[in-house]
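The values are calculated or read from the model by the stated rules, or taken from the named source; none is laboratory data. Here the structure is a predicted model, which means the values were calculated and not measured. Here Cβ is always computed from backbone atoms with ideal geometry, including for glycine, and neighbour counts include all displayed protein chains. Side chains are part of the model used for accessible areas, which takes the heavy atoms of the whole protein and leaves out ligands, DNA and RNA. Shrake-Rupley method; radii C 1.70, N 1.55, O 1.52, S 1.80 Å.
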Amino acid sequence: MRILIIFMLLAIGISCTSSFTDILPEETDAYVKYFGDTGEAFGLDIKQLPDGNLLLLGVIKIPDTTTTVLIKTDVFGNILWTQSYNNFEGRTLQVDDAGYFIMGDGINTETSRLTMKLLVTDTNGQEQSSIEIGASNFPDASSTSDFHGTAFNVSGEAVGLGYIEENGRKDELRVGYDIPTSTITWMITSSGGSDFMPGRTIHPSANGHVWTTTQSINSSDGILVQFAQINQALGNSGIISGDTGKDLTPVPGGFAGIGIQAGNIFFYTTDEIGNKVKEGILETGTGQSVTSTSEGFVVALGLVQSDQEGRTDTDFLLMKVNTASFSLSFATRLGGSGDEADGAAIQLTDGGYAIFGTSDFQGTKSMVLIKTNKAGNLSL
């Protein structure tokens, strides 16, 4: 699949957004690059590889067709290769020395039913295998059930996270995989009167896994950071006061999470088995992703309304957060005249930061890669 790239630079100061300015950066400290094709393109996840190159996960949608794309670039955003996977809507990306793992939804083109799909590639993005879980794996499941994949972890035992959806009800699904044989070793579902919307990550702990979900009981939502031993039902965790749990990352002594609470970016920390330590509001908006930094802080990504007069579109908010005090080292608005959405942010090995997400550029949704300097802003 051909990927069209538009190069541009966005001159932005902290908490201030200005207009796009044309530029063709080959090797710059900060840049903005767009990736797209026919249809609408959505940027979803980003990883930096040990060699410094970037791996970008996106989805391209045209009528009746959904294609996942994996793009490898150098640290300056110049494409090294692209791969595409048809009838698949990938959501999250994991890497190890042998290859890459994409978790998302497989799409049956005849029935339009969805499966929880894990796609495995080599280090060139060539598909090696895939494992799909659907109604046929559950004797009691209805043929109208849809299965969704939201997260995967390949550290230690490979574990996937997703949910089963039928008639608006969502039951969490956790799965163990044997990657060399492309088989499923165990499956556990969570129900019991609640709806569960899993977050985008699952993490190994000393004797199990920790992840986050949004739990809805009688129309009341809460964030549940869950801990369970491997191949066991859910264990410890209480509900944290929030509406939506989006992402979770390891930090010294436990985990830090991000989500939404009453229209605000909600941030919290837990101990090693998911018990809440601290919570707070960062800013009006929605929390999208959170990842640990090399200094023991976290880099967080939110979506906020533009602060430019007369504009109501949505911008990215890139933040560096102290997990002890919840203070911000910086908070930078990044965006153009259209809406920004989706995405994830990471710290790079050069000390700068990268966002890969979605931007509405001239009426078309495109994947966007934003590289900032060490101060979290764009400048020459």
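Points worth noting:
- Filter result for V69 (modelled with pLDDT under 95 and open to solvent by less than 60 Å² (accessible area, probe 1.4 Å)): no
- Those residues of region 207-258 which are of a type in the set (G, A, S) and part of a loop (DSSP other than H, G, I, E, B), in sequence order: S219, A233, G235, S237, G238, S241, G242, G253
- Look at region 119-142: where a residue is over 17 Å from W81 (Cβ atoms) and a partner is assigned to a helix (DSSP H, G or I), sitting 6+ places away or on another chain with Cβ atoms under 9 Å, you get A141/A135; S142/A135.
Yes or no, residue by residue, for (1) in contact with an Asp or Glu (Cβ under 9 Å, 6 or more places away or on another chain); (2) modelled with pLDDT of 95 or more; (3) surrounded by 14 or more Cβ atoms within 10 Å (Cβ to Cβ); (4) charged (D, E, K, R):
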site: D64; (1), (2), (3), (4): no, no, no, yes
site: F76; (1), (2), (3), (4): yes, no, yes, no
site: L80; (1), (2), (3), (4): yes, yes, no, no
site: N86; (1), (2), (3), (4): no, yes, no, no
site: E89; (1), (2), (3), (4): yes, yes, yes, yes
site: K117; (1), (2), (3), (4): yes, yes, yes, yes
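- The set of residues in region 298-323 that are farther than 18 Å from V368 by Cβ, in contact (Cβ under 8 Å) with a residue 60 or more places away in the chain and in a strand (DSSP E or B) contains only V321.
- Residue check: E157 meets all listed conditions (1) open to solvent by 40 Å² or more (accessible area, probe 1.4 Å); (2) within 22 Å of G357 (Cα to Cα) but one, namely (2).
- Unmet criterion (only one of (1) at pLDDT 90 or above; (2) surrounded by 15 or more Cβ atoms within 10 Å (Cβ to Cβ); (3) closer than 19 Å to A354 by Cβ) for G99: (3)
- Complete set of residues in region 160-181 that are farther than 24 Å from S112 by Cα and either open to solvent by less than 20 Å² (accessible area, probe 1.4 Å) or of a type in the set (S, T, Y) (or both): G176, Y177, T181
- Residue within region 300-310 that is farther than 26 Å from S327 by Cβ and either open to solvent by 10 Å² or more (accessible area, probe 1.4 Å) or of a type in the set (F, W, Y) (or both) present: yes
- Flag if G336 is open to solvent by less than 10 Å² (accessible area, probe 1.4 Å), within 15 Å of V32 (Cβ to Cβ) and not in a strand (DSSP E or B): yes
- Top-ranked residue of region 43-53 - restricted to ones that are within 18 Å of the chain's Cα centre (by Cα) and surrounded by fewer than 23 Cβ atoms within 10 Å (Cβ to Cβ), ranked as farthest from R200 (Cα to Cα): L49
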